[in-house]
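Colleague: Right, I'll just put the structure down here and ask away after.
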Amino acid sequence: NLSDKLDKALHLLKGHGKITEVNVADTLKEVRRALLDADVNFKIAKEFTNTVKEKALGQDVLTTLQPGQLMVKLVKDELTELMGGDAAGINLSGNPSVILMSGLQGSGKTTFSGKLANFLKTKKTKKPLLVACDIYRPAAINQLHVVGEQIGVEVYSEEGNKNPVEIAQNAIKHAKANGFNVVIVDTAGRLAVDEQMMTEIANVHKAIQPQETLFVVDAMTGQDAVNTAKAFNDRLNFDGVILTKLDGDTRGGAAISIKSVVNKPIKFIGTGEKMEAIDVFYPNRMADRILGMGDVVSLVERAQEQYDEDEARKLQKKIAKNEFGFDDFLSQIQQVKKMGNMKDLVGMIPGAGKAMKDVEIEDDAFKHIEAIIHSMTPDERSKPSVLDAKRKNRIAKGSGTSIQQVNQLLKQFNQMSKMMKMMQGGGAKNMMRMMGG
Ligand code: GDP
Ligand code: MG
């Protein structure tokens with residue numbers, strides 16, 4: 001699967017200190033393949049990898065990071081950028097604000113209309129009205145009524161009226177007269193783009209001048225989504241995209257393709273059939289999803305933020321001079337903790353997530369250790385060899401631990417000091433690994 005492929009792509013770069021034309025080529029090939037697997041349009045995937053390549057070449061790789069990891073960060077940043085940077089909201093400035101739904105039949109317009117009404121309703125200041133303009137199937141009008149009842153939102157429909165423009169206009173009048181400040185117009189769709197449908201929705205669009213025209217698209221339709229999006233955008237110049245059916249395994253590559261082709265923000269996603277299954281679209285989360293891997297990127301980011309190379313160098317000197325003590329130990333623990341809790345950290349390592357799934361890691365695995373060290377005097381911390389039975393007893397009492405726990409920590413500390421001497425050169429990175437393992 002995708003995640004394995006990217007893992008492989010990472011390995012290809014292992015051991016190189018700088019990103020170069022040669023070592024980047026294979027990785028980019030894998031990234032391109034990953035995008036294609038996620039249903040990203042071929043041309044777009046190619047353009048994308050070219051952009052990443054330009055940005056990647058010649059970048060120095062932090063000592064703590066593998067070039068492959070840096071590449072993944074570049075890939076993710078670029079993906080996020082491509083999908084629209086910051087999350088885009090819905091324009092609700094009108095009174096009433098009119099929102100028009102467009103899209104193919106089965107894309108999820110009716111469901112999303114309900115979800116959006118439900119979402120807005122919780123905002124207290126919003127009183128939404130749902131409008132049934134799918135006049136071809138009585139079942140469709142019924143479906144919207146069922147949804148409306150479920151969420152406690154009024155549905156406007158006109159039995160027997162076959163003119164969606166009229167229905168929509170009447171609904172807006174009804175809204176004005178009855179204090180609704182958001183009008184959500186659900187429309188008819190066809191199984192494929194056809195002229196009659198386009199003309200109809202274009203007419204409704206022209207007549208009611210919505211603040212927001214939303215194009216609803218099934219994320220599972222993959223490559224087809226691009227053509228549909230383009231056809232609707234050519235006619236409606238819509239304001240935003242709703243990506244539905246992003247539950248389950250759908251990778252959502254359609255998000256990238258659509259954004260590249262029509263250049264409109266994706267505003268919400270649908271993640272299930274229930275009314276609550278709606279989420280604001282976050283490009284960075286979507287990038288994670290498309291890359292389909294453990295969250296390497298945030299691990300890389302956190303490492304970049306937190307890792308203090310000077311600190312590491314100082315530490316190495318201390319180890320070399322045999323001056324490593326409990327204070328250093330403590331600051332190392334704090335370093336690790338700054339990066340997140342252990343479970344998070346382990347989950348971010350590609351491959352490890354699966355293997356460690358069933359292993360219990362306490363979030364506060366270091367609590368006792370810290371308490372014990374805090375109960376030591378500065379002298380004891382820098383020269384642990386002075387710790388005799390009497391001192392250990394005092395420390396155990398002071399830290400609320402047992403003498404066994406104190407002994408265990410001392411043992412770990414001694415082992416670690418020995419190992420660190422042996423692995424000199426690895427510094428804090430290796431130490432973190434030891435503490436994690
Ligand atoms: P419309 O023809 O565009 O109005 O589409 P509908 O709203 O009737 O949805 C078509 C089908 O897709 C229905 O069975 C919905 O329950 C389902 N559906 C809509 N949105 C989602 C979603 O986000 N996830 C899942 N799993 N199903 C959805
Ligand atoms: Mg419908």
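The values are calculated or read from the model by the stated rules, or taken from the named source; none is laboratory data. The model shown is predicted, which means the values in this text are computed figures rather than measured ones. We place every Cβ from the backbone using ideal geometry, glycine too, and count neighbours over all the protein chains shown.
Colleague: Please find, among 109, 123, 115, the residue that is without any contact (Cβ under 8 Å) to a residue 24 or more places away in the chain and within 31 Å of the chain's Cα centre (by Cα).
Modeller: Exactly one of 109, 123, 115 is without any contact (Cβ under 8 Å) to a residue 24 or more places away in the chain and within 31 Å of the chain's Cα centre (by Cα), namely 123.
Colleague: Of the conditions (1) within 27 Å of residue 164 (Cβ to Cβ); (2) touching a residue at least 60 places away in the same chain (Cβ under 8 Å); (3) under 25 Å from the mean Cα position of the chain (by Cα), residue 251 fails just one. Which one is it?
Modeller: Status for residue 251: all satisfied but (1).
Colleague: How about the stretch 154-239: which helices (runs of 4 or more DSSP H) wholly inside it have at least 1 residues that are within 16 Å of ligand 2 (Cβ to nearest atom), closer than 16 Å to residue 98 by Cα and out of contact with any strand residue (DSSP E or B) (no Cβ under 6 Å at 6 or more places or on another chain)?
Modeller: By residue number, 195-208.
Colleague: Assess whether residue 279 counts as being in a strand (DSSP E or B) and either within 30 Å of residue 219 (Cβ to Cβ) or modelled with pLDDT of 80 or more (or both).
Modeller: Yes.
Colleague: Conditions: (1) surrounded by 14 or more Cβ atoms within 10 Å (Cβ to Cβ); (2) aliphatic (A, V, I, L, M); (3) modelled with pLDDT of 60 or more. Residue 297 meets all but one. Number of the miss?
Modeller: Here residue 297 meets the rest and fails (3).
Colleague: Going by what's in this entry, would residue 130 be described as closer than 22 Å to residue 198 by Cα and either within 11 Å of ligand 1 (Cβ to nearest atom) or not assigned by TED's automatic domain parsing to the domain that holds residue 177 (or both)?
Modeller: no
Colleague: Additional query: Mind listing whichever residues of the stretch 173-220 are of a type in the set (Val, Ile, Thr), out of contact with any Cys (no Cβ under 8 Å at 6 or more places or on another chain) and either modelled with pLDDT of 95 or more or buried (at least 20 other Cβ atoms within 10 Å of the Cβ) (or both)?
Modeller: 182, 183, 184, 201, 208, 213, 216, 217
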